[in-house]
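Working notes, structure below.
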Amino acid sequence: MAEYHNPVMLNESIDGLNINQEGVYVDVTFGGGGHSREILNRLGVNGKLFAFDQDVDAQDNLIDDDRLVLIPENFRYIKRFLRFYGVKKVDGILADLGVSSHQFDEAERGFSTRFDAKLDMRMNQKDNLSAYKIVNEYSEEKLSDILFLYGELRNARVLARDIVNSRREKKIKTSFELKEALKRHLPNAKEHKILAQIFQAIRIEVNQELEVLKEFLMQVPELLNEKGRLSVISYHSLEDRLVKRFIQNGLFEGEPEKDFYGNFEVPLKKVGKMILPTKEEVKKNNRARSAKLRIGVKL
């Protein structure tokens, strides 16, 4: 399991669920099964865990436990598939967002800047939209938008223009060819950081990650039982901002409406403060360095 994905803030995130031994829980990002395994360790014989993962590779990590049901689908459809299993309410939901260590380490998946791999970045291998399509078929304006919005790159317009100019000569097929097309914007001291932002922007667009996160969060209040918990680990500011605002006021922008007495009606209440990984964990697992854990409870 650790070779596939070393779970971040394992105990803190599961503690945040305040596990009821006979409760029903959901791990929407199964991956290597690390978080799911710990939830199962804390459940009694009548407890139940549903896990989601759209990546077929994750199915190789299936845990042999009758209390676990693994659903090979995108967690944006959480309510639909839970109802398929006759479940309308749960006691807790865990989400460990972003890309698994396995996905980064498998060169052919195209997630990492370290390997010269085909431009792919699909978490679900059945999806039609890939990094190749985005880099070679998106308009200059659309490329600029995603690099600016999802990569937070100030020079997004120039980067997009260079991608378009390069692909006019020949298609950009691999990660190193993309790097070559943008080499004048990659000074040695900042190459890794800038490439990470570019790859993040393309990956988010490929997998519609922010839209998926919004759709998922909007379903959470209806799914949670009273005093049910939501525990979410995010890895960049775009994700964390959405999670923070939703837990605070049930919206992604604007302010919630006030009731007759002038009070805000919000579906969740934050539990404690944002939690960061310890220095010891970051030393052992570099992926934890940017992680943030937020916990909410159903009012």
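The values are calculated or read from the model by the stated rules, or taken from the named source; none is laboratory data. Just so it is clear, the structure is predicted and the values come from calculations on it, not from any experiment. Neighbour counts run over all protein chains shown; Cβ positions are idealised from the backbone, glycine included. For the accessible areas, the whole protein counts, side chains as well, though only heavy atoms, and no ligand, DNA or RNA atoms are used. Shrake-Rupley method; radii C 1.70, N 1.55, O 1.52, S 1.80 Å.
Does residue 290 satisfy being within 25 Å of residue 53 (Cα to Cα), open to solvent by 10 Å² or more (accessible area, probe 1.4 Å) and among the hydroxyl-bearing types (Ser, Thr, Tyr)? Talk me through it step by step, then tell me what you get.
Values: within 25 Å of residue 53 (Cα to Cα): yes; open to solvent by 10 Å² or more (accessible area, probe 1.4 Å): yes; among the hydroxyl-bearing types (Ser, Thr, Tyr): yes.
So residue 290 passes the test.
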Could you grab me the full set of residues in the range 121-151 that are surrounded by fewer than 17 Cβ atoms within 10 Å (Cβ to Cβ) and modelled with pLDDT under 95?
124, 125, 126, 127, 128
What single numbered condition from (1) open to solvent by less than 80 Å² (accessible area, probe 1.4 Å); (2) modelled with pLDDT under 95; (3) basic (Lys, Arg) fails to hold for residue 193?
(1)
Does residue 127 satisfy the criteria of being assigned to a helix (DSSP H, G or I) and out of contact with any Leu (no Cβ under 6 Å at 6 or more places or on another chain)?
no
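Restricting the range 246-266 to residues that are of a type in the set (Asp, Glu) and within 22 Å of residue 232 (Cβ to Cβ), which is most open to solvent (accessible area, probe 1.4 Å)?
Our first condition is that a residue be of a type in the set (Asp, Glu); within the range 246-266, this holds for 253, 255, 257, 259, 265.
Filter once more, so that each one left must be within 22 Å of residue 232 (Cβ to Cβ): 253, 255, 265.
Numbers: 253: 148, 255: 128, 265: 127 Å².
Step by step, filter the range 246-266, then rank; the result is 253.
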Give me the pairs, please: first residue somewhere in the range 218-245 and at positive phi, second residue anywhere and among the acidic types (Asp, Glu) and open to solvent by 10 Å² or more (accessible area, probe 1.4 Å), beta-carbon distance under 9 Å, and either six or more positions apart or on two chains.
227/91
